[in-house]
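Everything on this sheet refers to the single structure shown next.
The values are calculated or read from the model by the stated rules, or taken from the named source; none is laboratory data. Keep in mind that what you see is a predicted model, and the values were worked out from it rather than measured. Neighbour counts are summed over all protein chains in view; Cβ atoms, including those assigned to glycine, are modelled from backbone coordinates with ideal geometry.
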């Protein structure tokens with residue numbers, strides 16, 4: 001199916017095929033593969049301008065993250081195929097595909113930003129920004145977030161170019177490796193707008209002298225001017 005969709009350049013069908021394969025991976029209790037396939041589906045939808053489909057896939061990825069405790073329980077006790085089928089919501093997706101319509105989310109709420117980090121490949125934090133938020137970050141919670149990031153560091157640096165999502169309590173972490181940096185955005189809420197903002201921020205930094213200046217923080221220890229410039233970019237992208 002993938003080769004046919006690719007040969008016909010039917011990118012919406014190709015994204016839906018990966019989406020369907022992600023559901024089938026859940027039936028096999030392969031959650032990591034399901035996430036990989038959903039990420040692939042969203043990349044296709046985004047790059048081909050299928051923004052409504054991309055929103056729908058992003059919402060589905062967020063739902064999978066919310067259900068991780070259930071899936072981990074299913075894995076631990078090798079849940080029945082019936083339980084897996086119901087939690088994966090495969091039937092509703094198949095119905096939508098057959099009717100040639102997908103669930104649309106035209107007005108997904110924007111996320112509540114919590115923190116933005118830039119790390120080097122050794123895990124050294126070169127820059128951090130905590131956002132004013134109704135859900136403030138306690139020191140204990142920050143420690144837990146950093147533990148989650150450290151646990152994911154090696155895998156994140158092996159996945160250059162893609163955005164990875166992990167869940168920590170009520171927070172979602174987006175991680176994107178763009179050598180020589182790892183960008184981490186922590187927020188609460190839906191991921192779609194958060195991913196758009198993180199991508200835009202990274203592009204803005206790449207296209208400015210900041211890309212080189214951030215790396216100098218590690219060797220010079222001078223960060224005031226760089227921090228001011230990064231905060232200005234953050235205000236334009238995340239706080240507008």
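Look at the range 172-226 and say how many of its residues are touching a strand residue (DSSP E or B) at 6+ places or on another chain (Cβ under 7 Å) and farther than 25 Å from residue 110 by Cβ.
So the answer is 4.
Looking for something at pLDDT 90 or above, surrounded by fewer than 17 Cβ atoms within 10 Å (Cβ to Cβ), more than 22 Å from residue 190 (Cα to Cα) and out of contact with any helix residue (DSSP H, G or I) (no Cβ under 6 Å at 6 or more places or on another chain) - is there at least one such residue anywhere in the range 12-25?
There is at least one residue in the range 12-25 that is at pLDDT 90 or above, surrounded by fewer than 17 Cβ atoms within 10 Å (Cβ to Cβ), more than 22 Å from residue 190 (Cα to Cα) and out of contact with any helix residue (DSSP H, G or I) (no Cβ under 6 Å at 6 or more places or on another chain).
Which residue, of 63, 58, is part of a helix (DSSP H, G or I), modelled with pLDDT of 90 or more and within 12 Å of the chain's Cα centre (by Cα)? Show your work before the answer.
Values: 63 fails: within 12 Å of the chain's Cα centre (by Cα).
It is 58.
Could you figure out which of (1) modelled with pLDDT under 90; (2) within 22 Å of residue 121 (Cβ to Cβ); (3) exposed (fewer than 12 other Cβ atoms within 10 Å of the Cβ) isn't true of residue 206?
All conditions are met except number (1).
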